[in-house]
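A.B. asks: Sharing a structure below in structure tokens format, with a few things to ask.
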Amino acid sequence: MLKKYIINDIIEFNADECVLVYIYTGVVIPLTLSTSRLLEYFVNSGGIILTRESLLENVWSKYGLTASGNNLNQYVSVLRRTLAGFGINNFIDTLPKVGFKLNPAVTIARHRTVR
């Protein structure tokens, strides 16, 4: 099954193919695997607080990869810039010394389709 999400009714995120698609123009932006996993973790979070430790574990460690807090900060920054390029600002809220959470103003629609 393909995992697809519609973000703010303007971007389709295909988690399986690691791409963002601007719905209105069809412009495709490829994501790295780690960036895609990070975005998928956020869109599936339900808006709960995600600690830095849980992000490092679920985006990198459980796949046998090692990452640091600095790596996490860099990937969050890349994700923010990429989404801002589509007009989605403040996708991720930073909670100092705690972690991050999906901004409650962001809408996520989940679409699961059979291949």
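The values are calculated or read from the model by the stated rules, or taken from the named source; none is laboratory data. Since the model is a prediction, treat every value here as computed from it, not as a measurement. Note: ideal-geometry Cβ built from the backbone for every residue, glycine included; neighbour counts use all protein chains shown. Each accessible area value is taken on the protein alone, full model and side chains, heavy atoms only, with ligands, DNA and RNA left out. Shrake-Rupley method; radii C 1.70, N 1.55, O 1.52, S 1.80 Å.
A.B. asks: Given (1) in contact (Cβ under 8 Å) with a residue 12 or more places away in the chain; (2) assigned to a strand (DSSP E or B), where does ASP93 come up short, assuming only one miss?
C.D. replies: Checking ASP93 against (1) in contact (Cβ under 8 Å) with a residue 12 or more places away in the chain; (2) assigned to a strand (DSSP E or B), the one that fails is (1).
A.B. asks: I've got another one for you. For a quick check of your reading of the model, give me the residue pairs whose first member lies in the range 37-60 and is free of Cβ contacts under 8 Å to residues at least 24 places away in the same chain and over 14 Å from THR94 (Cβ atoms), whose second is assigned to a helix (DSSP H, G or I) and of a type in the set (A, V, I, L, M, F, W, C), with beta-carbon atoms closer than 8 Å and at least 6 apart or on different chains.
C.D. replies: Short answer, once both residue conditions are applied: TYR41/LEU55; TYR41/VAL59; LEU56/LEU72.
A.B. asks: Please enumerate the residues belonging to the range 68-98 that are touching a Leu at 6+ places or on another chain (Cβ under 9 Å), at pLDDT 95 or above and either on the phi > 0 side of the Ramachandran plot or open to solvent by 60 Å² or more (accessible area, probe 1.4 Å) (or both).
C.D. replies: TYR75
A.B. asks: Within the range 1-40, track down each residue that is farther than 19 Å from ALA105 by Cα, aliphatic (A, V, I, L, M) and touching a strand residue (DSSP E or B) at 6+ places or on another chain (Cβ under 8 Å).
C.D. replies: Within the range 1-40, MET1, LEU2, ALA15, VAL19, LEU20, VAL21, ILE23, VAL27, VAL28, ILE29, LEU31 meet the criteria.
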